[in-house]
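The values are calculated or read from the model by the stated rules, or taken from the named source; none is laboratory data. Note that the coordinates shown come from a computational prediction; the quantities given were computed from them, not determined experimentally. Glycine also receives a Cβ, built like all others from the backbone with ideal geometry; neighbour counts cover every protein chain displayed.
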Amino acid sequence: MDPDRWQRLSPLLDALLELDQAARASSLASLREDDPQLADDLEELLALEAEGDDFLSEPLIAPPLGVQPGASVGPYELERMLGEGGMGQVWLARRADGLYERRVALKLLRPGLADPGLRLRFTRERQILARLEHPHIARLLDAGISSDNQPYLALEYVEGEPITNWCRARDPGVATRVQLFLQVCEAVSHAHTNLIVHRDLKPSNILVTPLDDVRLLDFGIAKLLDTPDHAPEQTRTGLRTFTLHYAAPEQIRGEPVTTMTDVYSLGVVLYELLAGRKPYQLKRPTDAQWEDAILNHDPQRPSLVLQRAAAEDGTPDTRARRRAREVAGDLENIVLKALSKKPEQRYPSVEALALDLQRWIDGKPVHARPQSLPYRIGKFVRRHRWALSTAAAIAVVLVSALAIVAWQARQALQESARAQAMQDFVVGLFETAGDVPSDASVDVRQLIENGERRIESELARQPEARAELLGVVARLRTGLGDYNEALEVLLRQAALIESLDDAPASLRLRSATDLGRVLRLKGDISGCEARMQPLAGLARDHERRLPLPVSAFYTQLGRCHAAARRLSDARALYVRSLGLRRDQLGDNPGMVENLSDLAALHAAAGDTARALDGTRSALTLLRGSEGARHPLAIDLLRNLCSLQREAGDLPAAERDCRQALALALELRGASHHATIDARRQLAALHVDLGRFTEAEAEFRDTLDWMTARLGERHSDVARSRNSLAIVAWERGDVDTALREMSAAVDIWREGGGPPLAAGLFNQAMLLHGLGRHADALPLLRESLALRREAFGPRHGLVGDTLRLVGEVEAALGHVDARETLRQAQSLTRSAYGARHSHTRRAEISLARHEALGGDPGALTRLDALAELDPDNVELRKAGWLARAYAADVRCRAPGERDLAVASFQSLETLVAQAQPEGGALAREIAGLHADCMGRAISRPAVARARPGPRRG
């Protein structure tokens with residue numbers, strides 16, 4: 001798309017996306033009267049947005065050659081574009097010259113622009129940022145000119161979200177929003193102190209980090225007030241390098257810009273934080289209409305906007321009305337003063353604006369209102385209301401003292417009854433255990449059933465105590481792996497709590513947390529979210545009073561969102577839980593739990609390196625605060641094992657898996673689900689290392705355990721059947737492999753998503769290895785579509801799936817096989833880097849296809865790919881395969897058959913020594929050798945087990 005055209009479309013598209021369907025249709029109709037082509041372009045972009053929320057994940061203006069992922073700019077290597085605007089592009093990049101490791105936000109001048117004024121502003125931004133050192137301003141780390149004469153700035157990479165999105169996702173109170181905004185004022189004040197005006201303050205330039213700290217970005221159009229010859233024409237904006245929706249009237253008119261220009265933009269941002277909308281609501285959101293509104297119309301009071309929004313949405317609760325009452329009066333007067341059309345009527349500085357906001361927080365008179373005597377007296381009374389009301393309260397206290405004592409006595413009796421019921425329950429369990437003969441073992445499940453019957457009979461008239469004890473029973477059941485029984489108890493508890501008129505918030509939150517956990521363990525993710533999400537508001541309201549149950553609730557709901565691939569929602573909940581556990585509870589194990597969950601989100605997004613760093617940090621914190629034998633260490637070691645296996649470091653993975661299993665056996669016992677998960681994970685490593693007999697025995701045991709507790713149709717049961725299919729395939733038992741894989745895919749079809757995509761991939765791999773290429777291709781295309789939907793079009797698993805698609809297409813003689821394999825190589829290299837097994841397999845498949853097609857350079861590449869990596873088992877296997885493919889190509893060439901046969905013989909000896917139990921790879925090499933010798937074999941040559949599927 002033409003850059004100038006996009007500059008006109010972009011603000012209109014932003015405005016339309018904020019409207020509902022009816023208002024959007026009306027605005028498009030109005031625009032069509034003036035510019036039909038413009039309306040058609042906008043309608044097309046809106047249609048793309050309706051199809052998926054990633055339609056702008058790649059820029060509409062194609063970057064020029066050299067500015068693309070993987071390219072080098074100075075000492076930095078570009079990874080992906082973060083955004084672009086009128087002046088430049090911002091890329092996520094990493095330092096690639098070996099001096100140090102760091103990810104940065106690399107800002108480049110907008111490609112294709114030769115305007116010397118823009119380059120001058122770009123250079124000026126470098127000068128500006130170098131002068132700014134503030135905790136709420138993104139720091140300048142480096143600057144320079146690349147080899148192709150491209151100026152760049154390396155800025156601190158801020159992982160956060162725009163301040164308006166942060167408030168929309170968390171819905172904090174008004175005071176919290178103002179406190180957050182004061183951080184923005186501190187940053188802008190620092191810039192003004194250095195004689196710098198930002199001139200483009202807007203939410204997308206104000207990010208909130210996971211630690212709830214503000215970072216101010218992008219001084220790209222800031223003005224240096226201390227420039228020696230600032231003639232009047234130099235102080236004008238000239239080209240429109242500001243964002244229209246947040247521009248001050250003097251910017252629209254092209255008048256001189258001062259610090260009060262930033263005060264106006266801050267007023268717009270504050271208005272949007274408080275009211276949830278921009279100050280002006282237009283029927284036709286064109287540039288002309290925006291300019292007219294900014295210049296000539298006064299914004300509505302934020303309190304009226306909030307009241308109207310609540311009425312339109314039909315929200316009957318008092319939350320919106322309470323927020324409107326808080327904003328009304330002093331606070332909205334502050335906002336409207338900052339939005340005055342004339343600069344001299346605004347606050348004279350950002351410090352003055354911040355001071356008035358602080359006075360509002362402290363309950364003092366604000367300067368945005370006339371300082372009348374009644375107003376100042378009212379503020380004084382409210383500010384000192386406790387001291388002034390003490391005398392009156394004495395009489396009230398004396399009168400109500402007896403009532404309070406009586407109420408406390410009733411509460412104490414209720415608490416005593418609940419504590420006594422808990423004590424009786426525990427004592428009763430041990431009394432029942434004492435009836436067992438001394439030479440007989442104690443049946444824990446029978447004890448729990450006996451206790452449950454006593455709860456129902458003895459606490460029939462104490463519903464609250466009965467509900468609490470049912471939760472204890474459910475947690476005991478869950479710990480034993482009896483998920484069905486635990487779910488039945490929790491559903492009874494939930495029904496009992498609903499029947500109570502005033503069930504304590506702590507009991508309701510704990511019940512929802514336990515129920516969500518069991519539903520998630522049983523694979524019912526939608527049920528988990530449906531049960532827990534309605535109580536999110538209750539949790540927010542009790543964060544300060546009940547931090548322990550609220551943090552546990554946030555953690556469990558976050559895990560349900562993560563399982564449903566709503567990663568951003570999960571991250572927000574993990575961060576809130578982490579804040580409660582760190583700031584209010586000092587709960588180190590809880591913090592470790594949240595840090596591990598956050599690391600798991602990185603793994604789910606395909607960032608294995610960050611996931612490893614986060615998991616190791618969590619394990620270090622746990623060992624330093626709680627010791628090495630804490631139960632949480634089991635999950636952390638298992639996570640490390642999984643991530644190191646993904647990274648190809650199988651010795652390290654096996655070490656951590658064995659540590660996790662040993663700790664699980666010591667702390668949990670042989671029948672606990674944590675022990676079963678550790679055994680299954682270790683068995684998957686045995687498959688990678690060629691120990692198929694050990695792996696099969698482990699998988700059979702874990703399948704029996706899971707089937708007994710989860711039922712035949714659970715997703716984890718399907719995982720075990722998938723693993724058994726892989727083992728059978730490696731051992732050459734084709735019938736068992738196909739049967740178990742078909743059963744796994746059949747179960748996963750009920751839930752869809754990534755598990756089904758992995759199962760379809762593995763099933764297609766088996767069929768392809770058996771020569772049934774036509775049957776494999778539709779399964780692969782279905783898997784490819786599911787992975788693109790779940791992970792995005794550029795994920796590494798998408799590239800690995802394309803690799804197998806290309807191999808099948810090549811086997812079927814499709815002409816586009818080569819292009820498919822090239823796409824696979826590009827995607828896997830971009831996602832995983834050059835030294836990952838997925839990347840190496842894609843390179844080998846492409847080189848083999850091109851070598852068989854007669855490309856002599858491809859054979860040289862195969863020889864290079866055959867170089868073995870002694871530190872990485874999967875790369876070593878890939879090297880063996882490349883060597884076999886190179887020998888196969890030579891066997892077809894005149895005069896090189898003897899060399900090929902010798903290569904096959906030495907390779908078979910090497911593989912047999914490394915993998916005594918054989919495997920699919922050994923059989924494939926033997927099949928290629930047999931073909932070279934001109935001998936027929938009894939069954940079709942089978943392909944090796946690909947590194948793409950997850951086997952454990």
Cross-chain or 6+ apart pairs with Cβ under 8 Å, segment 16-45 first and more than 14 Å from residue 283 (Cα to Cα) and modelled with pLDDT under 75, then among the hydroxyl-bearing types (Ser, Thr, Tyr) and buried (at least 18 other Cβ atoms within 10 Å of the Cβ):
34/286
For segment 337-345, state whether one or more residues are surrounded by fewer than 17 Cβ atoms within 10 Å (Cβ to Cβ) and aliphatic (A, V, I, L, M).
no
Test: residue 819 is in the same structural domain as residue 924 (by TED's automatic domain parsing) and within 25 Å of residue 774 (Cβ to Cβ):
yes
I'm trying to understand the selection: among the residues of segment 502-525, which are charged (D, E, K, R), within 20 Å of residue 546 (Cα to Cα) and modelled with pLDDT under 90?
502
With the condition being in contact with a His (Cβ under 6 Å, 6 or more places away or on another chain), I'd like the helices (runs of 4 or more DSSP H) fully within segment 560-671 carrying at least 1 qualifying residues.
567-580, 608-626
If you go through segment 272-292, how many residues are surrounded by 15 or more Cβ atoms within 10 Å (Cβ to Cβ) and charged (D, E, K, R)?
5
Say whether the condition of being over 21 Å from residue 635 (Cβ atoms) and surrounded by fewer than 19 Cβ atoms within 10 Å (Cβ to Cβ) is met by at least one residue in segment 545-560.
yes
Let me confirm something: among 453, 508, which residue is more than 27 Å from the chain's Cα centre (by Cα), outside any loop (DSSP other than H, G, I, E, B), surrounded by fewer than 22 Cβ atoms within 10 Å (Cβ to Cβ) and touching a residue at least 12 places away in the same chain (Cβ under 8 Å)?
508
Take the residues of segment 699-718 that are surrounded by 22 or more Cβ atoms within 10 Å (Cβ to Cβ) and touching a Lys or Arg at 6+ places or on another chain (Cβ under 8 Å): which is nearest to residue 771 (Cα to Cα)?
699
Selection count where residues are among the polar types (S, T, N, Q), out of contact with any helix residue (DSSP H, G or I) (no Cβ under 6 Å at 6 or more places or on another chain) and touching a residue at least 12 places away in the same chain (Cβ under 8 Å), scope segment 600-631
1
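Matching residues to (1) in contact with a helix residue (DSSP H, G or I) (Cβ under 6 Å, 6 or more places away or on another chain); (2) among the aromatic types (Phe, Trp, Tyr); (3) surrounded by fewer than 22 Cβ atoms within 10 Å (Cβ to Cβ); (4) within 18 Å of residue 647 (Cβ to Cβ):
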| position | (1), (2), (3), (4) |
| --- | --- |
| 805 | yes, no, no, no |
| 823 | yes, no, yes, no |
| 828 | yes, no, no, yes |
| 855 | no, no, yes, no |
| 869 | yes, no, yes, yes |
Can you confirm whether segment 595-614 contains a residue that is over 18 Å from the mean Cα position of the chain (by Cα) and surrounded by 15 or more Cβ atoms within 10 Å (Cβ to Cβ)?
no
